[in-house]
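First comes the structure, then the notes that go with it.
The values are calculated or read from the model by the stated rules, or taken from the named source; none is laboratory data. Treat the numbers as computed from the prediction; the structure is a model and nothing was measured. Ideal geometry is used to build each Cβ from the backbone, glycine not excepted, and the neighbour counts take in all protein chains shown.
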Amino acid sequence: MFRENNQHYVRQVDRTIFFDSAVSATLEWIGFIAIAGVLWLGGTRILNQSLTFGTLSTFILFAQRLFFPLQQLAEKFTSIQSGFTAVERINDLLSQPLDIRDAKVPQSLPQSNDSRTLGEVSFKDVWFAYKGDDYVLKGLDFTIRPGEKVAIVGPTGAGKSSIIRLLCRLYETTRGSITVDGVDVKDVSQNELRRYVGVILQDGFLFAGDVKSNIALGESYDLAQIQTAAEQMNVSAFIEDLPQGYDTLLRERGTNLSAGQKQLLAFARSAIRNPRILVLDEATANLDVGTEVLIQDALERLLVNRTAIIIAHRLSTIRYVDRILVLRQGELAESGSHEELMDLNGVYANLYRLQMMGQAL
Ligand code: ADP
């Protein structure tokens, strides 16, 4: 399948290059023929003395000036075509119907900053399928208490990311309900929900723009607030070392930053928003020990006074959490602290031993 598609693609690109070159070559030939014609006609007239040599050479010069832009236009034709194709794709995307809409009269989430009473997440018999009845989450039931730190672990494909997508309402549950501080996520406006539940993904997206706008991300924080967030997240020293400090331009996807620096910037972006609930998809990238220490230290500070849900890939980094939820094929297989789960000697204990063995090798 891939080979077929690939060969089709190569053939199409070949054809594009062929036609593209044919157009430029044809235009060039037309240009030559036209000049030859002008020389021939002009030559005879010069011989008849009805034209001067100067007028003829000026004419040729002007004719070339006319052809040059025409030729360039032909060369740009392919770029214009691919531009049109891109516009078509964007239109397709924009015309997709929206499945997820805000409630007509959205309910508000509590406004206080009290992490002892706020930040509760509750899944009640949650079923979810991306398509048809191919369920990837099967009757999930759990409650995360205000301020609790919970890790979700499980093999790839167990449904960890799907839980997060449902909590942020990127998808709608097929059955069951998810509540945040007692309010169903379907009844809250999406804007409010995304402020309340902060998400840090593995590879946080960095935009082409300066450092400060990458932290503020469209909100009107002043420089002092941005600096405080950067300081708290151990990234201010790095930013101040950049050529233009907070005004330094970052390339799209942050290609001019290391994985650790990107992660710390993503932390600062969350810290400034101060969400009640923080979801963190732990990065799997291997970082040097120095950066790892900076990240663990920043993370500890980021998690204070809020509920945290951490999707953990390396079990060695989650010893500090209050509870671990072990997911297997869309079901909650085990739940408890590291010690409790090790004593249970089930799925978690197996996963843990496997990872420890992997590290020892
Ligand atoms: P995990 O994060 O634990 O690796 P996921 O929640 O990403 O697991 O995936 C759970 C299951 O859902 C997997 O079988 C995966 O193939 C499927 N899945 C994930 N995303 C999609 C999607 N956008 N469309 C269809 N199936 C998906």
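Tabulated results
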{"quantity": "Elements of type helices (runs of 4 or more DSSP H) in segment 189-243, at least 3 residues being under 21 Å from GLN111 (Cβ atoms)", "calculated": "190-196"}
{"quantity": "Total residues in segment 319-346, condition under 17 Å from VAL150 (Cα atoms), in contact with an Asp or Glu (Cβ under 8 Å, 6 or more places away or on another chain) and part of a helix (DSSP H, G or I)", "calculated": "1"}
{"quantity": "Pairs where the first residue, in segment 234-251, is farther than 17 Å from LEU217 by Cα and the second is part of a loop (DSSP other than H, G, I, E, B), C-beta under 6 Å, 6+ apart", "calculated": "LEU242/THR248"}
{"quantity": "Options ASP134, ASP181: the member that is over 21 Å from ALA268 (Cα atoms), of a type in the set (D, E, K, R) and within 16 Å of the ligand (Cβ to nearest atom)", "calculated": "ASP134"}
{"quantity": "Test: residue in segment 342-350 that is surrounded by 18 or more Cβ atoms within 10 Å (Cβ to Cβ), of a type in the set (A, V, I, L, M, F, W, C) and within 30 Å of TYR196 (Cβ to Cβ)", "calculated": "no"}
{"quantity": "Some residue of segment 200-211 being within 16 Å of the ligand (Cβ to nearest atom), closer than 26 Å to ILE318 by Cα, within 18 Å of the chain's Cα centre (by Cα) and at pLDDT 90 or above", "calculated": "yes"}
{"quantity": "Unmet requirement for ALA103, which otherwise passes all of (1) surrounded by 20 or more Cβ atoms within 10 Å (Cβ to Cβ); (2) among the small types (Gly, Ala, Ser); (3) more than 16 Å from the ligand (Cβ to nearest atom); (4) assigned to a loop (DSSP other than H, G, I, E, B)", "calculated": "(1)"}
{"quantity": "Sole exception among (1) within 16 Å of the ligand (Cβ to nearest atom); (2) over 30 Å from CYS168 (Cα atoms); (3) of a type in the set (Gly, Ala, Ser) for ALA129, by number", "calculated": "(2)"}
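Rundown of residues vs (1) farther than 15 Å from ARG328 by Cα; (2) free of Cβ contacts under 8 Å to residues at least 24 places away in the same chain; (3) not assigned by TED's automatic domain parsing to the domain that holds GLN202; (4) not hydrophobic (A, V, I, L, M, F, W, C), yes/no style:
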residue: PRO106; (1), (2), (3), (4): yes, no, yes, yes
residue: LYS131; (1), (2), (3), (4): yes, yes, no, yes
residue: GLU148; (1), (2), (3), (4): yes, no, no, yes
residue: ARG169; (1), (2), (3), (4): yes, no, no, yes
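Residues checked against (1) surrounded by 21 or more Cβ atoms within 10 Å (Cβ to Cβ); (2) of a type outside the set (Lys, Arg); (3) in the same structural domain as ARG306 (by TED's automatic domain parsing):
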residue	(1), (2), (3)
GLU240	no, yes, yes
ASP247	no, yes, yes
ARG251	no, no, yes
ARG269	yes, no, yes
